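Data block below; observations after.
FYI, it's all coordinate maths here, none of it is from the lab. Computed from a predicted structure; not experimentally measured. Don't worry about glycine lacking a Cβ; one is built from the backbone with ideal geometry, like all the others, and counts go over all protein chains shown.
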Amino acid sequence: MNPEQSVTPTTFESFNARNLSPLQVAKTFIPPKQFEDLILRRHSIVIGPRGSGKTTLLKMLQPLALAAWKHTDAERLCQRIDFTGVFVATDVSWGAQLDAMGTNKLPKDVREQLGRAAFCTHVLISFIDTIRHCVQIGGAGPSSLSRIAVELSKEQEAQFVEMIAGNWELQPEIPSLLGIILALRGRLSDIAKIAQREANSDTDTVLNLVRNTSFLHLALNESLVFGIEAFGAITNDEHRKWAFLFDELEIAPRYIRRTLFRGLRSTDQRLLYKLSISPYSEDIELLEGSASAMSMHDYQKIELWYPRKEEAIDFCNELLSSMLQEEHLSNSTATDVLGLSEFDPDDSDYAPHGKSSNRFLSLCERDGSFRAYLDKQNVDVNNMHNLSDNKRASAIRKVTSIVAIREAFKGKSRKNPDIYAGARSIFAIVEGNPRWFIGLTTPLIREFRNTGKVVDRAIQSRAISSASNRFRAQLKTIPYKTGGVTHPKGLLGLLDPVGEAFHRMVVDDPFDPEPALSFVVDASTQEEVIEALGRALNWGAIIYIPRAEDDPILTSLKGKRFRLSYMLAPHYKIPLLIGKEMSLKKILSGASQPDFFST
């Protein structure tokens, strides 16, 4: 093996797609099932917690990313894409940066006008930059991207620049696409100068300046439509469609979100909006009402989380295969690397001296309530392998995960057992979250590469505990207040009582074949708790389990069902199951904090 392979960094080492170029994103992109929906010619809202892959999905719609993509499904999917994707990253200069410059001293409508102008300028830069990328692909791209590639002569480029410079009130020094981008970046600098210079001016002076600075009033949609029409006229491509890909809207100012949500009702068939946002947003009412866009009519919602662990297995398998290929281990499988999960036993494991048989027998000897369950089910723990398939499924398989956890922890002090090791367990723990998956499996793949053997379960367990602890460290930094006082453990101040209650029900209470492992938020839940649960949802610490009629974007958490992220399961020592649901109020009835709920 080449020794350089052990030290050469891979694309997977950058866990945040925000830091990757289109070519880097394309190099390792594995299309989840949601990508098939995203490439449809319609407005879309991509919804998911941090690290769920929202940025990656949007970045993959860029021309350079599609042109570089080598996946086995690339040709088929690219043939279905009939729009040009323009990626627009949320930028702090839309709001926070301007406030830092002193615009918080300006009237609110002036601050918003400057923010809108900066936002519009960023979008126009991304639009022109994407045209440059289409020209860069030219005739060299794959045939499936012939509708996206552009051949633009110098004369055509100069004509296009002249047309849009007039409409966008620019004076580029060079009659080229690059000249337009430089002029737009100069405009961003001008906006920043206005914000700094006028921060201490009197209101009338500022209002007059803003009113008389015409480029501050360029409307986003109208500017884009003009640019699209000018491009179509110059290239004889009047029917080209453009998808504007707006990322991380949860950190954009509210007035920007309002602008984009209204854009979902765009009637110009050449203009698509594809937005990404976290699951919980208090101002999502902007999407509601007769004057707003309507889900399934004006746009589609695409969820990037997996309430049930089985839904993420295919994606995790393929992502692991891609990572193995990059490490020159393409002939290896998930089982070769990580082995089998304790929670998914083979039928032979129920035979005498099998792992599951031994575990059932051990628990039966120590736990009278479990013996009573087996007696009620007419199950002889020494003869489970001879049960019919139906009987084994209804009485034995459905409790195997619960038995594994209960036997491992009941009356024991084992802090880091290998119960959560194995391929399917790790697939469940990472929740289909690419960032978590890459962070957890990268060192395990390298261990496999070095030894050529299934990674030792103790090593896997340490990696799982480390990942879980890092996640908990993040959650501890996220503020959570009760009674107006900031809890010293942050969000863990709310999550820990829930996890500890689930552990008691699974391990300490009399054996229950279907313990509560999910909760429903009561109507009486205090707003401080609701806000904390919303943050937990957006960080992926709790997972929404929608009913068929529920909206994936939540404006209220009351009455909704959730479970704890499986990434937290190793800490709380609970199984990787949804279980039955229980009222949050009932779960927390024994918690020390008395102010979770109003009376």
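What to note about this one:
- Inter-label distance, nm, simple model (7 Å from Cα along the C-beta direction), Ser556/Ser321: 4.5
- Equivalent ellipsoid semi-axes - Cα gyration tensor, the range 481-587, angstrom: 21, 17, 13
- By other beta-carbon atoms within 10 Å, ranking Glu326, Glu342 with the fewest at the front produces Glu326, Glu342.
- Estimated from helical segments only, the mean residue ellipticity of the chain at 222 nm is -13500 deg cm²/dmol, where each DSSP H run of four or more residues counts as -39500 (n - 2.57).
- As a ratio to 2.2 N^0.38 Å, the alpha-carbon radius of gyration computed for the range 403-495 takes the value 1.32.
- Two-site FRET efficiency, Lys585 against Ser214, from Cβ-Cβ distance with R₀ of 60 Å, rounded to 0.05: 0.60
- Whole-number percent relative contact order across the chain, with pairs defined as alpha carbons under 8 Å at least 6 apart: 16
- Put in line by how crowded their Cβ is, counting other Cβ atoms within 10 Å and starting with the fewest, Leu568, Leu207, Leu178 read Leu178, Leu207, Leu568.
- Among Val210, Val485, sorting on how many other beta-carbon atoms sit within 10 Å of each Cβ, with the fewest leading, yields Val485, Val210.
- In plain terms, the C-alpha convex hull of the range 28-304 casts an average shadow of 14.9 nm² when viewed from every direction.
- DSSP beta bridge pairing in the chain, given as percent antiparallel to the nearest 5: 30
- A full extension of the chain between Asn200 and Ser146 corresponds to an added length of 14.1 nm, given 0.36 nm per residue minus the alpha carbon distance.
- Using a cutoff of 8 angstrom between alpha carbon atoms and counting only pairs six or more residues apart, the relative contact order for the range 335-468 works out to 36 percent.
- Computed label-point distance, nm, for sites Gln79 and Asp509 using a 7 Å Cα→Cβ extension: 5.5
- At least 15 Å along the helix axis (C-alpha) and Kyte average at least 1.6, DSSP helices within the chain: none
- Spacing of the modelled spin labels on Glu162 and Leu178, each 7 Å from Cα toward Cβ, amounts to 2.2 nm.
- Of the residues Ala532, Tyr544, Ser518, the one whose Cα sits farthest towards the positive end of the charge dipole of the range 481-587 is Ala532 (charges of +1 on Lys and Arg Cβ, -1 on Asp and Glu Cβ, taken about the Cα centre).
- Those aspartates and glutamates that a straight Cα-Cα span of less than 14 Å connects to Lys391, excepting residues fewer than 8 apart in one chain: Asp347, Asp375, Asp380
- Only Lys, Arg, Asp and Glu carry charge here, each on its Cβ (+1 for the first two, -1 for the last two); on that basis the range 481-587 has a dipole of about 140 debye about its Cα centre.
- Using R0 = 35 Å, the C-beta based FRET efficiency linking Lys105 and Arg262 works out to 0.75.
- Nearby lysines by direct alpha-carbon distance to Lys585 (threshold 17 angstrom, same-chain neighbours under 8 apart not counted): Lys558, Lys560
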